[in-house]
Amino acid sequence: MKKVKTDVVIVGAGPTGLMAANQLNRYKIDYVCLEKQTHRSSFSKAMGIHARSMEMFDLSGFVEEFVARGYPGEGAKMYIGGEKESILGLYQIESRFPYMLVIPQTETEEILETNLEMNEGIVNRGEEVTALTVHDKGVNVTVNNDGEILEYDAEYVLACDGAHSKVRELMETGFVGEAEGKTFFLGDIQTSNLDPSMITGYINTRGATVFFPYADGKFRVVGLDLSIQGRPHKDELTLHELQQRVNYVTSTSIEIDSANWLTYFGTAHKQVENYQKDRVFFVGDAAHIHNPLGGQGMNLGLQDATNICWKLMTVLKGCADQAILRTYDQERRPIAKNIIQQTSRLLQFISLEGTRGKLRNNISRWLLSNSHLQHNIAETLSHIKYDYHATSSSQKLVDNKLPKKFIQPGARTPDVKFLLEETPDKRLYHLLRLYPFVCFVYMERQTEDIIAYVNSLVEELCTVYGDLITTFLVVKGGVPLIEGGKFKIIHDVFREVENKLTMNHGHTMLIRPDAHVAFHTSESDPLETIKRMNIFFKVKHQRGR
Ligand SMILES: Cc1cc2nc3c(=O)[nH]c(=O)nc-3n(C[C@H](O)[C@H](O)[C@H](O)COP(=O)(O)OP(=O)(O)OC[C@H]3O[C@@H](n4cnc5c(N)ncnc54)[C@H](O)[C@@H]3O)c2cc1C
């Protein structure tokens, strides 16, 4: 039997596995990505990519291809219980991507796999994982490739093998939750009766339907017809039946000219109780599933993959202790749990009929007319709102001298703009494409002690963490006279580092590869800062490894 040694085995090349492969490839970690299918699927379940996932693509250096190929859905035109439209806008969120990018999942997977191949990464297609054994130093993964048996010996395994995860079964890990007992209809259709510039939705006492425009005259329609619930489940849906469902729910004449994927589907919400078991991590649908309201499942998986991969990178490069890997579960599981609760409640809400349904319509219209609530809905849907501040790891890094108005550990860092080396509008996310961890020290006015602090911090960091962390001195105004500095200088000419990252004179901030704050401190003592770094990376030594 052929045996191969590697650092990480990724099981599954759906969107989650492909995102993970791209991350590990970018970090130059040795990995294999195993996919049982010989070709990519031609069916697209997910259609929407939200702002925070777009930001993850931006950090990874391939968002441009998504923007070029997708359609920016800036909001939805909603008909709630009548003919008067309400607008749900996404454009008010603070992100470079204030919209939901509508793009079929097949194209998302194609872009991710093509980018991987362009960077000399590959997916091992036709390799199905059939067995798995965890031992003290790693995991043995057995694969069947068209009758030939192979074995991979890996340090860690990422189970990205979807809702029916084989790895989850082999690891005897429960998937806790239940079916929701509702049947949705879905079709990829062609029609000329809908506005192609907006997502269009209907909610009323007969059910709910949403149309997502994704190509010339083509729409994805997903809906719930309350009059057919409770019947025995079937998958087959004909064009005639779809037209009936659409007519019934919308009460309008949206004529469907043709369709190329028609199906009924049921939904369930389930989650594993811990995203880590020994050296195996559950990522994407292998860790959580919920109904498709708000189009969030794939987005969660893309962000899960980004989160676990940089942590694996720090451990495999010898810069962090394995304990940092536990923060993957601490950070990602509560977010999916929250989305499971949200989408289940939303499903109950849109399923209300009769008087309660009419009340729901009035409440929803009022909610959508309130700009504060709209903003809140947009931030939640786009995943911009989620942070990791409440975890015990973030709490240990809080600087009690910094009041709450300053950005705290775990917060998402906005993509601030500044001037760096003659580039007038460099962005933080550009830096994070180049350097995994970025450390900013802020200097409002030139003071020798800050310059001495940065110089010795750079030296200490280099000794302890090699090239993992790149330090920048961020200056506000003027041209500092710095001789022999061991760091690059950023000019905060737009005042965005000061105002959006809330950095003041003498502050230090470590920013993670996924654009969250590792810590923010007002101290400017290199040994204290290194101590915080060691807490963050869960290492026990003080200096010199
Ligand atoms: C109707 C519908 C609409 C949806 N719309 C949206 C939306 O708009 N937005 C959104 O974010 N999400 C949406 N989702 C959810 C989204 O499709 C999933 O969350 C997403 O596909 C999960 O990706 P994944 O990579 O984790 O799993 P999968 O896509 O299931 O990929 C798993 C991969 O693992 C492979 N595999 C399985 N077992 C093995 C094995 N033993 N060995 C090797 N390979 C294996 C499979 O072949 C597959 O390629 C929707 C879902 C449905 C059903």
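The values are calculated or read from the model by the stated rules, or taken from the named source; none is laboratory data. Note that the structure is predicted; figures quoted are calculated from it, not measured. Reconstructed Cβ throughout: ideal geometry from the backbone, glycine too, with neighbour counts over all protein chains shown. Each accessible area value is taken on the protein alone, full model and side chains, heavy atoms only, with ligands, DNA and RNA left out. Shrake-Rupley method; radii C 1.70, N 1.55, O 1.52, S 1.80 Å.
Things to note:
- Computed lengthening from D467 to Q92, 0.36 nm per intervening residue step minus Cα-Cα distance: 131.2 nm
- The tail of the calculated P(r) for the chain, taken as Cα-Cα distances beyond 36 Å, holds 38 percent of the pairs.
- Simple spin-label estimate for E151 and V493 gives 6.1 nm between the two label positions (7 Å along the Cα-to-Cβ direction from each Cα).
- Taken over the C-alpha atoms, segment 136-261 has Rg and Dmax values of 21.4, 64 angstrom.
- Under 5 Å, built H, 5+ apart or other chain: amide partners of I10: V32, C33, L34, L158
- Computed [θ] at 222 nm, deg cm²/dmol, the chain (DSSP H ≥ 4; -39,500 (n - 2.57); rounded to nearest 500): -10000 deg cm²/dmol
- Largest accessible area first, the residues K28, K401 order themselves as K28, K401 under a 1.4 Å probe with ligands, DNA and RNA left out.
- Using a probe radius of 1.4 angstrom, the carbon and sulfur fraction of the accessible surface of segment 392-536 is 52%.
- Note, ³J(HN,Hα) from phi for segment 370-379, Karplus 6.51, -1.76, 1.60, rounded to Hz, x at Gly and Pro: 9, 5, 5, 5, 4, 4, 5, 4, 5, 5
- Annotation: amide H of F437 within the under-5 Å range of T470, sequence separation 5 or more or interchain, hydrogens built in the peptide plane.
- Surface composition of segment 178-268: carbon and sulfur make up 50 percent of the accessible area, probe 1.4 Å.
- In segment 392-536, lysine pairs closer than 16 Å at Cα, eight or more apart or cross-chain: 13
- Over segment 392-536, accessible surface divided per residue gives 41 Å², non-protein components excluded, 1.4 Å probe.
- Placing dummy labels 7 Å off each Cα toward the beta-carbon, the span from L239 to H505 is 7.3 nm.
- Each residue of segment 462-475 was assigned a 3J(HN,Hα) from its phi angle through the Karplus expression (A = 6.51, B = -1.76, C = 1.60, θ = phi - 60°), giving 5, 5, 7, 10, x, 9, 5, 10, 10, 9, 10, 8, 9, 10 Hz with x at Gly and Pro.
- Placing a label point 7 Å from the Cα of S42 along the Cα-to-Cβ direction, the residues of segment 180-222 with a backbone N closer than 16 Å are 188-189.
- Listed values for segment 251-260 are Karplus-derived 3J(HN,Hα) couplings in whole Hz (6.51 cos²θ - 1.76 cosθ + 1.60, θ = phi - 60°), namely 6, 10, 9, 8, 8, 8, 6, 7, 8, 10, and x replaces Gly and Pro.
- Segment H135..T114, full-extension length gain: 4.1 nm, with 0.36 nm per residue of separation and the alpha-carbon distance subtracted.
- Relative packing of peptides 146-157, 302-313, 281-292 - highest average C-beta neighbours within 10 Å first: 281-292, 302-313, 146-157
- Tilt relative to the chain, helix 239-250 - C-alpha long axis, 0 to 90 degrees, to 10: 80 degrees
- C-alpha long axis of helix 526-536 to longest principal axis of the chain, angle in °: 30 degrees
- Inter-site label distance for R231 and K401 at 7 Å from Cα along Cβ, in nm: 6.9 nm
- The H on the amide N of L402, modeled in the peptide plane, is under 5 Å from the matching H of no residue at least 5 residues off or on a different chain.
- Computed over the chain: relative contact order in percent, which uses C-alpha pairs under 8 Å that are six or more apart: 15 percent
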